[in-house]
Amino acid sequence: MIKRTRIAGVVLAVMLGISLLGCGGDTKMAETNTEKSFHENPIIKGIYTADPAPMVYGDTLYLYTTHDEDELVNDFYTMKDWRCFSTRDMVNWEDHGCIFSLDDIGWADDRAWAPQCIERNGKFYLYCPVHKRNGGMAIAVGISDSPAGPFKDLGHPLVDEGDWNDIDPTVFIDDDGQAYLYFGNPELRYVLLNENMITYDKEVGIVKVPMTEESFAKGSHDTGTSYGEGPWFYKRDGLYYMVYAAFGEGKNMEHLAYSTSVSPTGPWVYGGVLMTEEGGVFTNHPGICDFKGHSYLFYHTGDLPGGSLFHRSVCVAEFTYNEDGSIDTIDKCGGVSAIE
Ligand code: FUB
């Protein structure tokens with residue numbers, strides 16, 4: 001009944017030419033699926049989305065994304081808000097629209113870039129890189145009582161070093177309760193979040209991870225390693241994983257790679273290429289989770305009609321871990337099957 005009502009609402013909106021999406025201004029409609037057993041990539045077909053960040057909460061997978069606007073300003077990434085979609089079966093997706101935007105952050109004026117969300121003590125924290133009104137990038141925090149928002153700005157940056165490195169936050173709470181926020185381009189850095197998730201241990205401060213070839217392989221980014229940006233930090237079977245967008249030697253497009261460690265703060269050991277550049281656009285961005293017994297890698301391409309490096313779309317591939325925890329290279333794929 002609920003589904004029928006929603007579809008009827010979508011049909012009515014199409015007839016009236018109304019956008020059901022919240023802030024942002026694009027007039028395309030997010031897709032509403034009926035019963036089906038396979039969902040073709042890209043996941044979202046009504047607007048351009050990038051920088052996928054999955055979060056499993058209860059029996060639902062929430063997918064937070066950035067939003068590439070149709071119309072570019074200065075022929076560059078034009079990104080003003082963050083979107084949320086959810087699914088229980090990987091094929092039927094609900095569009096929660098705009099859940100946080102630059103308009104909600106008084107001290108920011110541009111670049112609503114790659115976010116990640118996490119729950120702690122019944123509150124949801126959305127960590128988002130933004131461009132400050134007075135210059136440079138910093139990490140904002142949106143707070144909500146619901147995974148689908150709306151999120152309210154903390155009121156000031158959480159991480160603000162006064163340089164351009166402060167982008168692409170990834171957050172993880174370890175079994176002992178310590179929360180970590182890694183971030184950075186071209187350097188990988190981290191802070192130890194306090195239990196409130198909106199401040200960090202100032203005595204430890206902002207820690208710079210040693211950017212060595214042992215950790216991130218030789219590559220063509222600024223540190224001489226392949227590490228580029230978009231870190232995704234998590235733990236599985238006692239092993240810590242750092243997945244990231246990377247620049248191989250002599251390559252000027254991002255592939256995905258990973259490193260592992262037996263400790264949450266390294267040292268990191270390079271693991272290999274997770275997804276090659278082939279069939280992609282200049283950037284790629286990983287988001288990984290286990291959901292209902294399946295492992296998924298979310299990434300982005302330029303595969304929607306009109307796609308380009310500034311008009312990306314979020315995709316997903318299912319994969320498996322090897323017994324020793326290593327991961328073989330994952331192909332960009334056509335989509336995923338329904339799960340229960
Ligand atoms: O989407 C804007 C930026 O491009 C992200 O922050 C990076 O990870 C790259 O995808």
* Asked: What pairs come up if the first residue lies in the range 39-62 and is within 14 Å of the ligand (Cβ to nearest atom) and open to solvent by 10 Å² or more (accessible area, probe 1.4 Å), the second is modelled with pLDDT under 95 and not in a strand (DSSP E or B), and their beta carbons are under 9 Å apart, counting only those six or more places apart or on different chains?
  -> Y48/D26; Y48/K28
* Hits in the range 287-301 - residues which are free of Cβ contacts under 8 Å to residues at least 60 places away in the same chain and surrounded by 22 or more Cβ atoms within 10 Å (Cβ to Cβ) -> L297
* Selection within the range 201-216 - within 23 Å of the chain's Cα centre (by Cα) and small (G, A, S) -> S215
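Scan the range 125-158 for residues that are of a type in the set (F, W, Y) and under 18 Å from G97 (Cβ atoms) and jot them down. Give the steps one after another, and end with the answer.
Narrowing the range 125-158 to residues of a type in the set (F, W, Y): 125, 127, 151.
Residue satisfying the conditions is F151 alone.
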* What is the residue count in the range 164-200 for residues that are more than 22 Å from T65 (Cα to Cα), open to solvent by less than 50 Å² (accessible area, probe 1.4 Å) and acidic (D, E)? -> 1
* **Given (1) surrounded by fewer than 18 Cβ atoms within 10 Å (Cβ to Cβ); (2) in contact (Cβ under 8 Å) with a residue 24 or more places away in the chain; (3) not polar (S, T, N, Q), number of the condition M275 does not satisfy** => (1)
* Under the condition of being open to solvent by 40 Å² or more (accessible area, probe 1.4 Å) and either closer than 15 Å to W268 by Cα or out of contact with any Asp or Glu (no Cβ under 7 Å at 6 or more places or on another chain) (or both), which residue from the range 212-235 is farthest from the ligand (Cβ to nearest atom)? -> E214
* V141 versus (1) closer than 24 Å to D175 by Cα; (2) open to solvent by 10 Å² or more (accessible area, probe 1.4 Å): which is the lone unmet condition? -> (2)
* Asked: If you go through the range 63-86, how many residues are β-branched (V, I, T) and surrounded by fewer than 24 Cβ atoms within 10 Å (Cβ to Cβ)?
  -> 2
* Structure fact -> Residue count, the range 128-148, condition assigned to a strand (DSSP E or B) and away from the ligand (no atom under 12 Å from the Cβ), comes to 7
* Asked: Considering the range 101-115 alone, what residues qualify as being within 16 Å of the ligand (Cβ to nearest atom) and more than 19 Å from R312 (Cβ to Cβ)?
  -> I105, A108, D109
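The values are calculated or read from the model by the stated rules, or taken from the named source; none is laboratory data. Bear in mind the structure is a predicted one, so any value in this text is a computation, not a measurement. As a convention, Cβ positions derive from the backbone with ideal geometry for all residues, glycine included, and neighbour counts pool all protein chains shown. SASA here: full protein model, heavy atoms, side chains in, ligands and nucleic acids out. Shrake-Rupley method; radii C 1.70, N 1.55, O 1.52, S 1.80 Å.
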